[in-house]
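The values are calculated or read from the model by the stated rules, or taken from the named source; none is laboratory data. In this text the structure is predicted, and so the values were computed from the model without any measurement. Heads up, the Cβs are rebuilt from the backbone with ideal geometry, glycines too, and the neighbour counts pull from every protein chain shown.
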Amino acid sequence: MLIGDVPTESIEQAAQDALRRLQNGESRLAIHPNCGTNLVTTALLTSVAAMMGLTGTDRRGWFGRLPVVMALVIVAGILSQPLGLSLQRHITTDGDPADLEIINITRHQMRVPMGAKAMVVHRVNTQSS
């Protein structure tokens, strides 16, 4: 899914080019810093860091631990970037499209709560046997 007011023809051309490049061995194109693997890795590590920083505090004492929690969360956020990319590269993402083909690209407009205008969303529909 792609979010943005971009001409559908441009997305179709870019998707076909990316598929061709993947099929020609550029598997690194399948790795992206905003992949769900990276986001989940960051959320997990920062949540655990925050919990560790608050361990042993009561309801009134959490504010005094805030600098420690912030430092731990920052370190976890920094470490999560290379870890998430590594997990994506070696576990969750396959850069070989095999017989994947692009079937079509659909454009939708979604209403955003309290948004002034609709958000444009494109979906690239693929098929593989």
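Determine which single condition residue 106 fails, assuming it passes every other condition in (1) over 16 Å from the mean Cα position of the chain (by Cα); (2) within 22 Å of residue 13 (Cα to Cα); (3) in a loop (DSSP other than H, G, I, E, B).
Going through (1) over 16 Å from the mean Cα position of the chain (by Cα); (2) within 22 Å of residue 13 (Cα to Cα); (3) in a loop (DSSP other than H, G, I, E, B) one by one, residue 106 breaks only (3).
Out of the range 1-44, which residues are β-branched (Val, Ile, Thr), more than 24 Å from residue 91 (Cα to Cα) and surrounded by fewer than 16 Cβ atoms within 10 Å (Cβ to Cβ)?
Answer for the range 1-44, where residues must be β-branched (Val, Ile, Thr), more than 24 Å from residue 91 (Cα to Cα) and surrounded by fewer than 16 Cβ atoms within 10 Å (Cβ to Cβ): 3, 6, 8.
Could you grab me the full set of residues in the range 7-25 that are under 20 Å from the mean Cα position of the chain (by Cα) and in contact (Cβ under 8 Å) with a residue 12 or more places away in the chain? Spell out the reasoning first.
Of the range 7-25, the ones under 20 Å from the mean Cα position of the chain (by Cα) are 11, 14-15, 18-19, 22.
Within the range 7-25, 11, 15, 19, 22 qualify.
Consider residue 88 against the criteria (1) more than 21 Å from residue 23 (Cβ to Cβ); (2) free of Cβ contacts under 8 Å to residues at least 60 places away in the same chain; (3) surrounded by 14 or more Cβ atoms within 10 Å (Cβ to Cβ): it satisfies all of them except one. Which criterion is unmet?
Result: residue 88 fails condition (1) only.
If you go through the range 53-71 one residue at a time, do you hit one that is in contact with a Cys (Cβ under 9 Å, 6 or more places away or on another chain) and either surrounded by fewer than 16 Cβ atoms within 10 Å (Cβ to Cβ) or touching a residue at least 12 places away in the same chain (Cβ under 8 Å) (or both)? Write out each step before concluding.
First, the residues of the range 53-71 that are in contact with a Cys (Cβ under 9 Å, 6 or more places away or on another chain): none.
No - not one qualifying residue is present in the range 53-71.
Take residue 123 and decide whether it is in contact with a Ser or Thr (Cβ under 6 Å, 6 or more places away or on another chain) and either assigned by TED's automatic domain parsing to the domain that holds residue 5 or assigned to a loop (DSSP other than H, G, I, E, B) (or both). Spell out how you get there, then give the answer.
Working: in contact with a Ser or Thr (Cβ under 6 Å, 6 or more places away or on another chain): yes; either assigned by TED's automatic domain parsing to the domain that holds residue 5 or assigned to a loop (DSSP other than H, G, I, E, B) (or both): yes.
Answer is yes for this residue.
Conditions (1) modelled with pLDDT of 90 or more; (2) touching a helix residue (DSSP H, G or I) at 6+ places or on another chain (Cβ under 8 Å), marked per residue:
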site	(1), (2)
61	no, no
65	no, yes
79	yes, yes
84	yes, yes
88	yes, yes
115	no, no
127	yes, no
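From (1) outside any helix (DSSP H, G or I); (2) surrounded by 15 or more Cβ atoms within 10 Å (Cβ to Cβ); (3) without any contact (Cβ under 8 Å) to a residue 40 or more places away in the chain, pick out the condition that doesn't hold for residue 97.
Only one criterion in (1) outside any helix (DSSP H, G or I); (2) surrounded by 15 or more Cβ atoms within 10 Å (Cβ to Cβ); (3) without any contact (Cβ under 8 Å) to a residue 40 or more places away in the chain is unmet by residue 97, namely (3).
Does the range 26-64 hold any residues that are assigned to a loop (DSSP other than H, G, I, E, B) and either in contact with a Leu (Cβ under 6 Å, 6 or more places away or on another chain) or not polar (S, T, N, Q) (or both), and which are they?
Step one: list which residues in the range 26-64 are assigned to a loop (DSSP other than H, G, I, E, B), which gives 26, 31-35, 55-62.
Those that are assigned to a loop (DSSP other than H, G, I, E, B) and either in contact with a Leu (Cβ under 6 Å, 6 or more places away or on another chain) or not polar (S, T, N, Q) (or both): 26, 31, 32, 33, 35, 56, 58, 59, 60, 61, 62.
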